[in-house]
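Comments concern the structure below.
The values are calculated or read from the model by the stated rules, or taken from the named source; none is laboratory data. None of the values given here were measured: they were computed from a predicted structure. Neighbour counts are summed over all protein chains in view; Cβ atoms, including those assigned to glycine, are modelled from backbone coordinates with ideal geometry. Surface accessibility is based on the protein's heavy atoms, side chains included, excluding ligands, DNA and RNA. Shrake-Rupley method; radii C 1.70, N 1.55, O 1.52, S 1.80 Å.
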Amino acid sequence: MINVLLVDDHPLLRDGIRTIINLESDMRVAGESISGLDIISKIKQTQADVVLMDINLPNKNGIDITSEIKEYNPNCKVLILTMYDHNEYFMSALHAGADGYLLKDSPGEKVIEGIRVVFSGESIIQPSLTKKLLNQQRNQQFIIDLTQREKEVLTALVKGVSNKEIAEELYISERTVKIHINKIFKKMNVKSRSQAIIVAVKNQIVTL
């Protein structure tokens, strides 16, 4: 069972999300908060696996809260669900350690998918954000020695594709996908999917 901590100051939105989450057999809303002031105690109390959180919150923003969560427990997953599609919020959230970033106009099934994806250790990113950021970036070219297959896997990561979907698309096993991802992390000197996406997008290593 995936324990979800829901952090948002809009009661109607919390009601809606709570309803769709609690309809699933493999997850439940274990707790709720309207701000991030009590986030660590809430995580301890609920034994939260995934924190589903807005950015615009009373007293403290979701990006700062994400950093606090990751410092307390790097294994606790953070999925940002917000109305903000600005690049600066998106990139700041990933820098802070967020495992996923979705917009509030996403359908309910996408939110449910996002919870499962980040819980499994993968990342989910709103596709429109990475595409827009890639189109706007004009940084100096970043030289890194990736094989053609590693570039294909990295491109899929930027698109928010799961390991299983990458394996199916490239006709390789999930184990082989994980091996490629580990090699990519070493070559890019990063430790997570979010960090790999940041480097890839900022330096135009991949094209969509």
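I'd like the accessible area for H10: 1.4 Å probe, protein heavy atoms, all chains in place, Å² to the nearest 10.
About 90 Å², rounded to the nearest 10.
Dipole of segment 10-156, Cα-centred, from +1 at each Lys and Arg C-beta and -1 at each Asp and Glu C-beta, to the nearest 20 debye?
I would put it at about 120 debye.
Going from the alpha-carbon gyration tensor of the chain, what semi-axes, largest first and in whole Å, does one get by taking the root of 5 times each eigenvalue?
29, 19, 15
Comparing I197, I80, I40, which has the greatest mean-square fluctuation in the GNM of the chain with Cα pairs linked when under 10 Å apart?
I40
Roughly how many Å² is the accessible area per residue of the chain, as a whole number, for a 1.4 Å probe?
Roughly 50 Å² per residue, with all protein chains present.
When the accessible area of segment 1-119 is computed with all protein chains present and a 1.4 Å probe, what percentage of it is carbon and sulfur?
49
Would you grab the residues whose amide H sits under 5 Å from the one on G31? Only those 5+ places off in sequence or on another chain, please, with H modelled 1.01 Å from N.
Here the answer is V4, L6, since their amide H atoms fall under 5 Å of that of G31.
Work out from phi, with θ = phi - 60° and the Karplus expression 6.51 cos²θ - 1.76 cosθ + 1.60, the ³J(HN,Hα) of each residue of segment 56-67, listed in order in whole Hz, and give x for Gly and Pro.
With coefficients 6.51, -1.76 and 1.60, one gets 7, 10, x, 6, 8, 7, x, 6, 5, 5, 4, 4 Hz.
If I take the Cα coordinates of segment 10-77 and project them onto the principal axes, what are the three extents in Å, biggest first?
Taking the Cα atoms of segment 10-77, the three principal extents are 31, 24, 16 Å.
Protein chains only, probe 1.4 Å: how do R18, R28 rank by accessible area, largest first?
From most exposed to least exposed: R28, R18.
Rank these residues by their accessible area, most exposed first, probe 1.4 Å: Y84, Y72.
Y72, Y84
How large is ³J(HN,Hα) for each residue in segment 80-96, as worked out from phi by the Karplus curve 6.51 cos²θ - 1.76 cosθ + 1.60 (θ = phi - 60°), to whole Hz, x for Gly and Pro?
Listing the rounded values in order: 7, 10, 9, 8, 7, 10, 6, 4, 5, 5, 4, 5, 5, 5, 5, 4, 6 Hz.
Sequence-distant or interchain residues sharing an amide H contact under 5 Å with L146, placed H: which?
Excluding prolines and chain starts, which carry no amide H, there are no hits.
Nearest 10 degrees, 0 to 90: what angle lies between the long axis of helix 174-188 and the longest principal axis of the chain (Cα atoms)?
Result, in degrees: 80.
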